[in-house]
Each structure stands twice: as C-alpha cells, then as structure tokens.
Amino acid sequence: MTSTKNILCIGAGYVGTPTMAVIARHCPHHRITVVDINAERIAQWNSEALPIYEPGLDEIVRAVRGRNLFFSTDIPAGIREADIIFVSVNTPTKQFGAGAGMAADLQYWEKTAREILRHSQSSKIIVEKSTLPVRTAQAMERILQAAGDGIRFDVLSNPEFLAEGTAIDDLENPDRVLIGSQETPEGLAARRQLVELYANWVPRERIITSNIWSSELSKLVANAFLAQRISSINAVSALCEKTGADVDEVALAVGMDHRVGRHFLKTSVGFGGSCFKKDILNLVYICRHYGLTEAADYWHGVLRINDYQTERFVLNMLATMHNTLADKQIALFGFAFKADTGDTRESPAIQVARRLLEERARLVITDPKALGNARKDLAGLDGRVRYEEDPYAAAAGADAIAVLTEWGLFRDLDYAKIFQAMNKPAFIFDGRNILDHQALFRLGFNVQAIGKPPLNRFMD
Ligand code: NAD
Ligand code: UGA
C-alpha cells in the first residue's frame, strides 16, 4: 500500500506506542498519531523522558517522532482525520457489579467507541488492538451502526502478542500477525488493507486471517496456554522440593521433546504482568457464561497454582528462617513482574512484599527500573519499606535476600562482598532460579531455590 493513510491509535500505553512506533518506522508514507486521555502521559511521550522503559523503544521514537509519528491529546481531531483507527485502551478486570473480579471492564473501550461515533465525518476501519472478550467486535459494530448516512465502519480484530521487555523485537519479527474480520465483501476488503499495512515489514506467510471470533478467542487462549505452561512447571516444582528432584533438570528433559518445546518452562515465584491473570479470568468467565463448568474450572486451576506458588515461596522463607520474620530485614532483589521492564502490574513481588510485611519484616527493595512503580504499589507502607538503587546498599545489614525478578545484573553481583555486609546467618531465596546456588552455599549462604533441595547449613 503506497497511498498515504492517516492512522490513529487511541491509547498511548505499553501496546499502543511501541506498535505505532514500529509501524511509523516501516511506513514512512503514512502519518500516525497516538492519542490518550492522559495528558501527562502524552506530554511524556513528547519529552526526552519517555513514560515506559522498553529496550529499543527510545531509539525508534526519537527517529520517527515529528516525522510521521505524533502524540496528541486532541482525540476529536485525531478521529476526524483518521482512515484507520487502532483501539489500544486498557481492558482491566471488572471490579464492580455483574462479573466483578472476572469479566473484562469494557468502560474505557466503550467510551472510545462512542467518541469515534461522535467525531467521525467519514468512513473508517476500526482495529481492535486491545484484548477483548469474544464477540466484542460485534458490540463495537452495533454502537457504530448509529452513524449517519454514508459513514461506514468496518471493525477488525488484530490482537497483539508482544511481550514487555522484548516488545520491539516481537513487533519487528512477530511469530504471526492475526487479523480477524467479518467475512462479508466489506469486511474482507478492510482485512486486505490491514494485511497490506503489515506486509510493509512482516513476511506474508506470517500474516494470518480468520473470522473475527476466532481472532478474539485466539488471543485469550494464547495467553492461557503460556500461563498454563508456567503453572504446570510450578506445580512440578512443589513436588521436586518434596522428592529431591531438581525442577530445572526436569524442565530441560521434558522441554527437549520438540512436541513440548523448551520455552515458558522456567519455574518462578509466580507469573505476573497485566494480562495473564485478567485474560484467564475472562476466559473462565466466558466458559461459565456458556455453562462449561469443567472447562472453566480447568483454566481457573492455572491461576490457583500461581497464587499457591507465591504463597509457598513466602511460607518457605518463614519456615527456613526459624518461623519468625519479625523485625528481620529482607532485601527484595527486583520488583518488576519480569526483567527488562519497569512495569509492576500484578507482579508477584507485590504479594510477596505484602505477606512479608504482615509477618512484620522490614523490607529494602532494589530494582533497576521499577522503584517508581514499587513506591506507588506499596504506598502507605513507607515506615517499613526502604528503596535503594544500589543492590549492595539494599543487602547491607539484611538477614535475607529474595530474588523476585530475573534481572541479569543480579547474577553478576559480587556475592562475597554482599555476604560480608549481611547479618548472619545469611539467607538467599532465589525466586527465579538465576543464581549459582552451589557457589553461594560455599560463600556461607543458606540457599533456597525453587524446586530444588535446600542448601541449608542448619540441617546437619
Ligand atoms: P496501558 O494501560 O499501558 O495503556 C492504555 C492507555 O489507554 C492508557 O494510557 C489510558 O490512559 C488510555 N485510555 C483509556 N481510555 C481511553 C479513552 N477513552 N481515550 C483515550 N485513551 C484512553 O495498557 P496496555 O498495557 O497498553 O494494554 C492495552 C491493551 O492491550 C489491553 O487490552 C491489554 O490486554 C492488551 N495487551 C497488552 C500487552 C502488554 O504487554 N501490556 C500485550 C498484548 C496485549
Ligand atoms: C505475555 C505474553 O507472553 C504475550 O504474548 C502477550 O501479548 C502479553 O502477555 C499480553 O497479552 O499482555 P508479558 O506478560 O509481557 O507477555 O510477559 P511474559 O514474558 O509472558 O511473562 C509473563 C510472566 O510470566 C512474567 O512474570 C514472567 O516472569 C513469567 N514467566 C515467564 C515465568 O515465570 N516463567 C516462564 O517460563 C516465562
């Protein structure tokens, strides 16, 4: 497609901006505008200090901003001028009324649909980028049907599969791009336009199309499958701790079967992030809605194991440290939900921190990118929580370290120096299995990893 299009993205978040930045890079002939109701966020996108940390994003934004990528709060103007509108607003779990705690809260998404309707003066393609329950596109179409004569909206589903921390690479080299549409002549024509947009950089064989409901459901199911693998290996880790098997050895042996595959079998303190939990809850809710109780219970089990894993981690800490944490100082290494992001949404670190505070521990938190968000997550608990940029300062005087995020920098620290500065006996709880446990044990630490026999100096 070489004709110039005005592309609008509503929602300047973790998905909207990286996606539009990559489109802008590969489609210099198109003009792309990202709008948001959050004026502060837009101001940050227009400044030198971008609001989110994502490897590689700064460089792209600097290269295309002001050329063919623009950030604005003028949503009506953006809608009026757009040929294609991506909707990338947040769709959190509903906290009130019917479906509270399970269903998707569609209020932001619906407001967007109504804004599009109010300000449109010409026909447009609307692209669902947000993760939505199955059949939401139909609801979107119903809202938009109220448009005046001569204005037509074709709604496509184009779920995003990027992961934070690798977003730019995922967008540059996606495993697949999925585009769902109505299978009417107009729907198929709209679908072709979006295929052509992606074909500017994505090989055509990786751009797959489907009916709109398959597309919406595939997104929920993809996340459920990924999370299910983590819960499977985490369930195995509990058994390993009882039997003396090593979960990393089991994961290697199982994952080398090409039918299983080695990715997403890394045991952990639990998965976090803004989407796995909410999307599985959404899937469970839909199954229940259709009376599929067994299917709903199956997927709900993925979340139950995840909570169990985080709680097990805390209880292991308590048991290993002689059943009391009161007034002990614990350094939390990492607060982000995964490495290479400052995002802490649904991070297991939040739950671990709260539980340790209930046990009256004192916490010192260190993280290279997430301290700002950690402060917000633990607001009101300031008396018992300190924040340190420097991991050595965080560990000084501590009784224990708990590794909660798999940041590479935690692997490369001088643990002999850290051991010297800690209270004795000194404990390390590796919630990500990233450290060299034998080496730490030789330095004098008591070491408890996940799904491995403890290296505990008190046992014999
Ligand atoms: P986010 O919270 O970072 O960004 C959403 C943005 O939308 C916010 O800046 C918010 O102010 C804005 N917004 C809300 N209502 C608006 C309105 N009416 N008009 C204009 N702007 C509005 O969320 P996110 O992480 O980017 O996720 C967005 C969607 O993408 C969700 O549905 C999520 O499930 C999905 N998704 C997220 C990821 C991820 O890694 N974060 C990956 C794939 C899919
Ligand atoms: C996930 C999916 O990987 C994306 O494909 C999807 O687009 C996205 O959700 C979404 O819909 O939001 P994300 O949550 O950003 O991406 O990051 P992941 O790499 O999937 O990690 C999620 C959590 O699982 C993290 O807490 C991570 O530490 C944990 N994890 C991951 C494990 O505990 N073990 C693993 O083997 C892999």
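To the nearest 0.05, what FRET efficiency results for Glu59 and Trp201 with a Förster distance of 25 Å applied to their C-beta separation?
With a Förster radius of 25 Å, E is 0.95.
Over the Cα atoms of the range 257-325, compute the convex hull volume and normalise it per residue, giving Å³.
139
For the range 1-60, state which GluC sites (Glu not before Pro) are in a DSSP loop and have at most 16 other beta carbons lying within 10 Å of their beta carbon.
Values: sites: Glu40, Glu48, Glu59; in loops: Glu48.
Sites meeting the loop and neighbour criteria: Glu48.
According to the Kirkwood expression over distinct Cα-Cα pairs, how big is the hydrodynamic radius of the range 310-378, in Å?
12.2
In Å and from the alpha-carbon atoms only, list the Rg and Dmax of the range 349-460.
Here Rg and the maximum Cα pair distance are 13.8, 43 Å.
For a quick protection proxy, order the peptides 369-380, 92-103, 325-336 by their average other-Cβ count within 10 Å, most packed first.
Descending packing order for the listed peptides: 325-336, 369-380, 92-103.
What whole-number value in Å² describes the accessible area per residue of the chain for a 1.4 Å probe?
Value for the chain: 44 Å² per residue.
Starting from the residue with the highest accessible area, list Thr267, Thr320 in decreasing order, probe 1.4 Å.
Thr320, Thr267
When the chain is fully extended, how far beyond the present Cα-Cα distance does Phe96 get from Ile151, taking 0.36 nm per residue of separation?
Here the segment from Phe96 to Ile151 would lengthen by 16.3 nm.
Taking θ as phi - 60°, what are the ³J(HN,Hα) couplings along the range 408-424 by the Karplus curve (6.51, -1.76, 1.60), each to the nearest whole Hz, with x for Gly and Pro?
The phi angles translate into x, 4, 5, 5, 9, 6, 8, 6, 5, 5, 5, 4, 4, 8, 9, 5, 10 Hz.
Between rounded, prolate and oblate, where does the range 134-204 land on the alpha carbon gyration tensor, with a ≥ b ≥ c its root eigenvalues, rounded for a/c under 1.5, else prolate if a/b exceeds b/c? Can you show the working numbers first?
On the way: a/c = 2.77, a/b = 1.86, b/c = 1.49.
It comes out prolate by the Cα gyration axes.
In nm², what is the average projected area of the convex hull enclosing the Cα atoms of the range 183-286?
With every direction weighted equally, the projected area is 9.4 nm².
Calculate, for Ser47 and Asp169, the FRET efficiency according to 1/(1 + (r/R0)^6) with r their C-beta to C-beta distance and R0 22 Å; round to the nearest 0.05.
In this case the efficiency is close to 0.35.
Please identify the trypsin sites (Lys or Arg not before Pro) of the range 202-281 that satisfy two criteria: DSSP loop assignment and at most 16 other Cβ atoms within 10 Å. Which are they? Write down the numbers at each step before the final one.
Numbers: sites: Arg204, Arg206, Lys219, Arg229, Lys242, Arg259, Arg262, Lys266, Lys277, Lys278; in loops: Arg259, Arg262, Lys266.
Those that pass, being in a loop and sparsely packed, are Arg259, Arg262.
Leaving out same-chain residues fewer than 8 places away, which lysines sit with a Cα under 19 Å from that of Lys338?
Lys266, Lys277, Lys278, Lys369, Lys376
Given H placed on each backbone N at 1.01 Å, which residues far from Asp105 in sequence or on other chains put an amide H within less than 5 Å of it?
Thr93, Lys94
Take the range 217-371, compute every pairwise Cα distance, and split them into 10 Å bins from 0; I just need the percent in each bin.
10, 33, 36, 18, 3, 0
Starting from the Cα coordinates of the range 1-92, work out the convex hull volume and express it per residue in Å³. Mind showing how you got there, number by number?
Values: hull volume 8.7 nm³, N = 92.
Residue-normalised Cα hull volume stands at 95 Å³.
In whole Å, what are the extents of the range 191-246 along the principal axes defined by its C-alpha atoms, from largest to smallest?
Sorted largest first, the three principal extents are 56, 25, 12 Å.
Rank Phe429, Phe153 by accessible area, highest first, at a 1.4 Å probe radius?
Ranking Phe429, Phe153 by accessible area, largest first, yields Phe153, Phe429.
Could you give the Stokes-Einstein D for the range 226-270 in µm² per second, using the C-alpha Kirkwood radius, 25 °C, 0.890 mPa s?
235
For the residue pair Ala189 and Arg384, what label-to-label distance in nm results when each label sits 7 Å from Cα along the Cα-to-beta-carbon direction?
With each label placed 7 Å out from Cα toward Cβ, I get 6.4 nm.
Given a 1.4 angstrom probe, I'd like the percentage of the accessible area of the range 24-103 that is carbon and sulfur, rounded to a whole number.
Looking at the range 24-103 in its full context, I get 50 percent from C and S.
Using R₀ = 30 Å, calculate the FRET efficiency as 1/(1 + (r/R₀)^6) where r is the Cβ-Cβ separation of Gln138 and Asn6; round to 0.05.
With R0 = 30 Å, the Cβ-Cβ based efficiency is 0.70.
Run down the lysines and flag those whose C-alpha is under 19 Å from the C-alpha of Lys328, throwing out any fewer than 8 positions away in its chain.
Cross-link targets: Lys424.
Can you send over the solvent-accessible area of Cys287, 1.4 Å probe, protein chains only, in Å² to the nearest 10?
20
Restricting things to alpha carbons, tell me how big the range 47-178 is in terms of Rg and Dmax, in Å.
16.6, 46
Please report the equivalent ellipsoid semi-axes of the chain, computed as sqrt(5 x eigenvalue) of the Cα gyration tensor, largest first, in whole Å.
Working from the Cα gyration tensor, I get semi-axes of 44, 24, 20 Å.
For the pair His258/Asp436, report the inter-label distance in nm, with labels modelled 7 Å from Cα in the Cβ direction.
Computed distance between label sites His258 and Asp436 equals 3.4 nm.
What fraction of the DSSP beta bridges in the chain is antiparallel, stated in percent and rounded to the nearest 5?
Given both bridge residues lie in the chain, the antiparallel proportion sits at roughly 5 percent.
Under 5 Å between amide hydrogens, which residues at least 5 positions from Glu406 or on another chain qualify, with H placed 1.01 Å from N in the peptide plane?
The list, which skips near neighbours in sequence, is Ala339.
Between Ile37 and Arg67, with labels modelled 7 Å along Cα→Cβ, what's the label distance in nm to one decimal, could you check?
For Ile37 paired with Arg67, the spin-label model returns 3.3 nm.
For Ile32, Ile75, give me the order by solvent-accessible area with a 1.4 Å probe, most accessible first, ignoring ligands, DNA and RNA.
From most accessible down to least: Ile75, Ile32.
At a Cα cut-off below 18 Å, give the lysines reachable from Lys124, other chains included and same-chain residues fewer than 8 away excluded.
Once the sequence-local lysines are set aside, what remains near Lys124 is Lys5, Lys111.
Run the helix sum for the chain: -39,500 (n - 2.57) per DSSP H stretch of 4+ residues, divided by residue count, reported at 222 nm to the nearest 500 deg cm²/dmol.
Helix-only estimate at 222 nm: -13000 deg cm²/dmol.
The values are calculated or read from the model by the stated rules, or taken from the named source; none is laboratory data. Note that the structure is a prediction, hence the values are computed from the model and not measured. Cβ sites come from the backbone with ideal geometry, for glycine too, and all protein chains shown count toward neighbours. To get the accessible areas, we keep the full protein, side chains included, count just its heavy atoms, and leave off ligands, DNA and RNA. Shrake-Rupley method; radii C 1.70, N 1.55, O 1.52, S 1.80 Å.
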